Amino acid sequence: MTTFEIITQSSADDPAIYRLRGVIDAAAKAHMDPLLAINKPAILDFTEVSRVNSMGLAILLNILKQLHGNRLPIAIEGMNRMTAMLFKMTGLNQYLTNQPSTANPPATNHAAAPEAAHVTLTTTSSMQNRPSPQPPSRNDHWRFSVSLQERAQLEGWYFLNTHLQKKWGHSIRLEPHFGALEQNNTAPSDSADIVFASPFAVCELIQMGFSPLLVPCANPEEAVVICRKNDERTTFSQFSRPKVITDRMDSYAYLLGRLLMDESGFSSDSANYLFVGNDIKSVQMLLRSMGDIAILPRQTFYGLSSITQDELKVLDESQTDFAYHALCLSSHRRSDATAIINLFISLQDEIKGQEILSGLGIRGWREPASEEINMLTEVYKKYVG
């Protein structure tokens, strides 16, 4: 059930005002008729819009394109910063007569936010050091590479792999990883048949010809940027050249953290980054004053004890709603895409499958919207190139 509505305020001479309220998502589409009926200059007031997800952006994009084609001037007011960021990332601004104004613009130490902060990341999984994906063997077994979100998930993935083999009748060799794409002397994930990858790795795999088939029905990957509670600084603009502690360079939380800095008007290029390989270690080092700021995945931060959280302060938090781990299929197995999709989606219809998914913190599987993948790759390209 949607929590979205539009309240229209119109007069004969002035631009019509459309006050949007609630969440703009797929369910909001049925309530968009007032916008489709616009026939004069109009202002869309986003002051009471709490969130816009990727499907909501796609709906708005189609409407704004249509109004732009009808040569109707459309302006937007009252956006929160996160929605303004998403409009900028998806190019919706080009269909507006004004740049979206934010309800509470943050203080900045720059005259304007940079268009993009391009850096070249050197990682163990760097594209320039990787060979092209190797065709998987055509024998009976499939290679299933899994990037664990938590080490405690290992047993659950083995249960899932065994269940999939029984259902499908194919031999599937599970290759679990934790952290970087390659470790423990296993073959790289880009030569596997199926890969369950982190958002960062998904972007790399797409460039190698993999297809993202499914994402878990679970909370998206988001980032929280924190500092010590006793630090008097409350905005990025108050930091000169901060030392930023985070897990890994190939963590999507790191990229989202940089996006938050840049879109606040503080250039993330001016920070010094310390990659310590572990989220909890990042917190410990921050509390020991070994850095100024830490970037964490949202689930890590809110999973900390209340005592630890009380010693920390949130500077910013993303709510982009498009970054998920994804199940990707090698180009060499593309003919089996439908069978793989049906195999994984059917798990949520079985008692045993539900039990296994519950152990992994997954409610089920769904096909990702193209808008989600597009925005995911846009953030990746901005910082990785």
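The values are calculated or read from the model by the stated rules, or taken from the named source; none is laboratory data. Small disclaimer: the values here were computed from a predicted structure and weren't measured. So basically every Cβ, Gly included, is an ideal-geometry build from the backbone, and we count neighbours across all protein chains shown. Surface accessibility is based on the protein's heavy atoms, side chains included, excluding ligands, DNA and RNA. Shrake-Rupley method; radii C 1.70, N 1.55, O 1.52, S 1.80 Å.
What number goes with the only condition from (1) under 17 Å from GLY78 (Cβ atoms); (2) within 31 Å of the chain's Cα centre (by Cα); (3) open to solvent by less than 50 Å² (accessible area, probe 1.4 Å) that SER50 does not pass?
(3)
Scanning region 218-232 for residues that are more than 22 Å from MET82 (Cβ to Cβ) and in a loop (DSSP other than H, G, I, E, B), which turns out most open to solvent (accessible area, probe 1.4 Å)? Before you say what the answer is, go through the steps one by one.
Keep residues of region 218-232 that are more than 22 Å from MET82 (Cβ to Cβ), which gives 228-232.
This time we only want the ones that are in a loop (DSSP other than H, G, I, E, B), so: 229-232.
Numbers: LYS229: 120, ASN230: 128, ASP231: 18, GLU232: 166 Å².
Only one residue fits best here, namely GLU232.
With a cut-off of at least 3 residues that are among the acidic types (Asp, Glu), touching a Gly at 6+ places or on another chain (Cβ under 8 Å) and under 30 Å from MET55 (Cβ atoms), name the strands (runs of 3 or more DSSP E) lying wholly within region 233-331.
none
Regarding LEU20, is this residue in contact (Cβ under 8 Å) with a residue 12 or more places away in the chain, part of a strand (DSSP E or B) and open to solvent by less than 60 Å² (accessible area, probe 1.4 Å)?
On the way: in contact (Cβ under 8 Å) with a residue 12 or more places away in the chain: yes; part of a strand (DSSP E or B): yes; open to solvent by less than 60 Å² (accessible area, probe 1.4 Å): yes.
Against the criterion (in contact (Cβ under 8 Å) with a residue 12 or more places away in the chain, part of a strand (DSSP E or B) and open to solvent by less than 60 Å² (accessible area, probe 1.4 Å)), LEU20 qualifies.
May I ask you to verify whether GLN348 is part of a helix (DSSP H, G or I), in contact (Cβ under 8 Å) with a residue 12 or more places away in the chain and farther than 25 Å from TYR252 by Cα?
Yes; evaluated as a whole, the condition is true for this residue.
Looking only at residues that are hydrophobic (A, V, I, L, M, F, W, C), crowded, with 21+ Cβ neighbours inside 10 Å and under 19 Å from GLN149 (Cβ atoms) in region 253-293, which one is farthest from the chain's Cα centre (by Cα)?
VAL283
Going by the structure shown, is ILE356 of a type outside the set (S, T, N, Q), open to solvent by less than 60 Å² (accessible area, probe 1.4 Å) and not in a loop (DSSP other than H, G, I, E, B)?
Values: of a type outside the set (S, T, N, Q): yes; open to solvent by less than 60 Å² (accessible area, probe 1.4 Å): yes; not in a loop (DSSP other than H, G, I, E, B): yes.
Yes.
If you check every pair at least six apart or on different chains, which have Cβ atoms under 9 Å apart with a residue in region 362-385 that is modelled with pLDDT of 90 or more first and a residue that is of a type in the set (Ser, Thr, Tyr) and not in a helix (DSSP H, G or I) second?
So the pair list comes out as PRO368/TYR324.
Among the small types (Gly, Ala, Ser) and in contact with a Gly (Cβ under 9 Å, 6 or more places away or on another chain) - does that describe any residue in region 28-38?
Restricting attention to region 28-38, the residues satisfying the condition of being among the small types (Gly, Ala, Ser) are 28, 30, 37.
From what is left, the residues that are in contact with a Gly (Cβ under 9 Å, 6 or more places away or on another chain) are 28.
Yes, region 28-38 has at least one match.
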